[in-house]
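The values are calculated or read from the model by the stated rules, or taken from the named source; none is laboratory data. Note that the coordinates shown come from a computational prediction; the quantities given were computed from them, not determined experimentally. Note that each Cβ is placed from the backbone with ideal geometry, even for glycine, and that neighbours are counted across all protein chains shown.
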Ligand SMILES: CC(C)(COP(=O)(O)OP(=O)(O)OC[C@H]1O[C@@H](n2cnc3c(N)ncnc32)[C@H](O)[C@@H]1OP(=O)(O)O)[C@@H](O)C(=O)NCCC(=O)NCCS
């Protein structure tokens, strides 16, 4: 699983991620049921420079987990929201995205992160409970405030290194996937040869050449 900070280039992957979520999960994530048009409007309005979006990509570079850290001003707070595809739940992806956001917030001088969730959202509350936090209750809603520890220059260096490595890895995997697709297209376009025609000179009359069909061994492979 590749954890990467997202850029505006990842907008289509973000739309695809939300489009793949079940209705109930979209409700838990947004607090209402957004239509496809509302999701597209939300994704188009995302500010990847000011806010921080992080995602886990699987081996085919599908965005399977996504966190949005909506940034306030330095010395203020940020707001965290997350969603993980059903097939990848309970593997620590939600937790690792919160940890990554805490590190980023710390490096930006943010002192706390707010997480708004429903009281029935046990997995989200379970993630929050692992951090020192304050919890406020408003009817069916819970507002958790997770403190962000102050960190120094080393943490900032660590984060930029992580970002660079992840961006490089993402590029590398994308290149490999494109190469794989090109190879399989080429293999499908080439008809497998079962025999080949060769020109065989007839030794008795050197001026006349005759054609002969030479069967290929049945185990011969089509190389790409
Ligand atoms: C909340 C959500 C992001 C969690 O993602 P995740 O990758 O499964 O989270 P993690 O694996 O890091 O941790 C989940 C924790 O909840 C626990 N959990 C899962 N289902 C649970 C349940 N029904 N009751 C109690 N705890 C539960 C897991 O055991 C795990 O705790 P552990 O690490 O101590 O075992 C995911 O369920 C999701 O996308 N939900 C829909 C959107 C949403 O609710 N977003 C939150 C709005 S801010």
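For segment 103-126, how many residues meet the condition of being without any contact (Cβ under 8 Å) to a residue 40 or more places away in the chain, crowded, with 21+ Cβ neighbours inside 10 Å and within 23 Å of the chain's Cα centre (by Cα)? Qualifying residue count for the region: 1. The single residue among 166, 139, 150, 182 that is more than 16 Å from the ligand (Cβ to nearest atom) and under 23 Å from residue 6 (Cα atoms) turns out to be 166. If the condition is being touching a strand residue (DSSP E or B) at 6+ places or on another chain (Cβ under 9 Å), within 11 Å of the ligand (Cβ to nearest atom) and over 16 Å from residue 149 (Cα atoms), then segment 103-122 contributes 115, 116, 117, 118, 121. In this structure, does residue 188 turn out to be at pLDDT below 90 and within 30 Å of residue 122 (Cα to Cα)? No.
Okay, residues lined up against (1) part of a helix (DSSP H, G or I); (2) in contact with a helix residue (DSSP H, G or I) (Cβ under 7 Å, 6 or more places away or on another chain); (3) in contact (Cβ under 8 Å) with a residue 40 or more places away in the chain:
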residue	(1), (2), (3)
144	no, yes, no
163	yes, no, yes
171	yes, no, no
175	yes, no, no
